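One structure below.
The values are calculated or read from the model by the stated rules, or taken from the named source; none is laboratory data. Nothing here was measured: the structure is a model prediction, and the numbers come from that model. Every residue, glycine among them, receives a Cβ derived from its backbone with ideal geometry; neighbour counts consider all protein chains shown. We work out accessible area using only protein heavy atoms, side chains counted, and drop any ligands, DNA or RNA first. Shrake-Rupley method; radii C 1.70, N 1.55, O 1.52, S 1.80 Å.
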Amino acid sequence: MDADVLVVGTGLAGAAAARALTEAGWRVRALDKGRGPGGRLSTRRKQAGGFDHGAATLQANTPAFAGWLMEEVVAGRAAPWGEGYVGVPGMNGLVAGLLDGLDVHWSVAVAALHREAGAWRALDAEGRVVGAAPALVLAVPAPQAWALLRASALADDVVPPQMLDALAGIRYAPCWAVLLETEPSAEHGPPDSGDSDGVDAIYREADKPGRPNSGHWVLHATTAWSEANLEVDAGAVALRLRDAFIARTGLGPEAIRDVSAHRWRYSRPLGILDPVPLETVGLALAGDAFGPPTLTDVPPAERAWLSGRAAAGRLIAARQPKS
């Protein structure tokens with residue numbers, strides 16, 4: 001076996017699970033289709049600085065998450081900002097810290113999962129095995145988890161049909177994020193509030209701790225606007241929301257050096273699911289769509305971290321000898 005446990009998806013949930021399992025002495029192999037750490041805490045790097053184009057800030061509602069964020073502040077990977085916290089030097093620094101020193105494989109897209117002879121095997125699109133272990137943490141958005149489990153030849157025997165149906169029923173709110181680079185010295189006022197331009201929030205990266213004055217801004221569209229323009233070309237989205245940015249800040253078009261857009265199809269779950277216990281087959285689900293009803297009002301990123309820790313705890317408990 002490659003490891004004691006496979007972790008598929010290394011956003012905040014998968015990274016939290018991988019760290020907790022490693023600290024418990026498990027051999028972890030983590031797989032992610034991305035090129036680096038982050039998930040929805042991603043930071044896009046450019047020569048002049050980064051863009052936190054996923055979550056802009058984190059709030060802590062539970063003692064456990066607050067305690068972890070304070071540990072990250074002490075470690076220099078987080079800093080207070082406003083009423084919350086940000087990663088340093090970017091939001092993805094928080095995920096990178098959790099994964100530091102672990103066996104992580106980037107740019108690995110898992111296309112199917114199979115459980116045979118007591119082991120989970122992750123396969124790529126060509127059917128090659130990219131990881132194998134007795135246990136699995138599946139830390140991807142619910143629709144992707146459903147597709148991976150449904151693709152398994154043994155899905156109906158391993159995962160109860162009602163669990164698959166529940167996964168298929170989870171819906172997400174999307175979000176278009178626009179990354180704008182302006183002249184660092186460009187004069188601008190505070191972004192005006194609007195009511196019909198599709199803009200939900202505008203963040204100036206230089207306002208956050210540990211960021212250079214690079215002229216980097218991130219704009220998040222509203223859920224309604226993002227849904228209405230979900231399949232629009234990213235270039236067209238960038239231009240449309242650039243115009244809204246200009247109207248909000250008073251900056252002239254000549255001040256904008258570059259603009260691009262990123263679509264978060266699974267930005268925020270519209271409900272959460274308390275998964276059926278699957279530890280007897282070595283499977284735990286993690287992510288912002290998973291948790292008990294008591295976490296319904298907890299922000300998605302915090303719920304993702306909590307779910308990753310909980311998934312690790314369930315697998316660890318399932319391995320303990322029964323008294």
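Only alpha carbons enter this Debye calculation for segment 46-197, each as an equal point scatterer, and the log10 of I(q)/I(0) it gives at q = 0.08, 0.09, 0.12, 0.20 Å⁻¹ is -0.39, -0.49, -0.82, -1.27. A crude spin-label estimate for the pair Lys33 and Val129, with each label 7 Å from Cα along the Cβ direction, gives 2.3 nm. Charge tally for Asp100 (other residues, Cβ to Cβ under 13 Å; Lys, Arg +1; Asp, Glu -1): -1. Over segment 108-162, all Cα pairs binned in 10 Å intervals from 0 give whole-percent P(r) values of 24, 62, 13, listed from short to long. Computed over segment 248-323, relative contact order equals 26 percent, with contacts defined as Cα pairs under 8 Å that lie 6+ residues apart. Close amide H pairs (under 5 Å, H built 1.01 Å from N) link Trp264 with Cys175, Trp176, Ala177, residues at least 5 positions away or on another chain. Using equal-weight Cα scatterers in the Debye expression, the normalised intensity of segment 195-323 in log10 at q = 0.15 Å⁻¹ is -0.86. Normalised by residue number, the volume inside the convex hull of the Cα atoms of segment 214-290 is 145 Å³ per residue. To put it simply, the accessible area of segment 60-172 at a 1.4 Å probe is 53 percent carbon and sulfur. Here the Karplus curve 6.51 cos²θ - 1.76 cosθ + 1.60, taken at θ = phi - 60°, turns the phi angles of segment 54-61 into couplings of x, 5, 8, 7, 10, 10, 10, 10 Hz, with x standing for Gly and Pro. Computed on the chain, with alpha-carbon pairs under 8 angstrom and 6+ residues apart, the relative contact order is 22 percent. Sites listed here are trypsin sites (Lys or Arg not before Pro) in segment 73-153 whose DSSP assignment is loop and whose Cβ has at most 10 other Cβ atoms within 10 Å: Arg128. How many percent of Cα pairs in the chain exceed 24 Å? Here the tail beyond 24 Å accounts for 55 percent of pairs. Ordered from largest to smallest accessible area (heavy atoms of protein chains, 1.4 Å probe), the residues Glu83, Glu71 come out as Glu83, Glu71. For Lys46, the solvent-accessible surface with a 1.4 Å probe is about 80 Å², rounded to the nearest 10. Accessible surface computed residue by residue for the chain, with neighbouring protein chains in place and a 1.4 Å probe, gives 44 Å² per residue. Largest to smallest in accessible area, the residues Asp100, Asp124, Asp274, Asp258 fall in the order Asp100, Asp274, Asp258, Asp124 (1.4 Å probe, all protein chains included).
Taking only the C-alpha atoms of segment 41-118, Rg followed by Dmax gives 15.8, 51 Å. If you take all other residues with their beta carbon under 11 Å from the beta carbon of Gly252, and give Lys and Arg +1 and Asp and Glu -1, the sum is -3. A Cβ-based charge dipole, computed about the Cα centre of segment 1-78 with Lys and Arg at +1 and Asp and Glu at -1, lands at about 420 debye. Candidates Ala48, Tyr172, Val73 compared by Cα position along the dipole of the chain: farthest toward the positive end lies Val73, with charges placed on Cβ. Taking the convex hull of the alpha carbon positions in segment 1-71 and averaging its projected area over all directions gives 6.3 nm². With R₀ set to 25 Å, the beta-carbon distance separating Val73 from Ala318 gives a calculated FRET efficiency near 0.15.
Residues whose amide H comes within less than 5 Å of that of Phe290, counting only those at least five positions distant or on another chain, are Leu273 (H built at 1.01 Å from N in the peptide plane).
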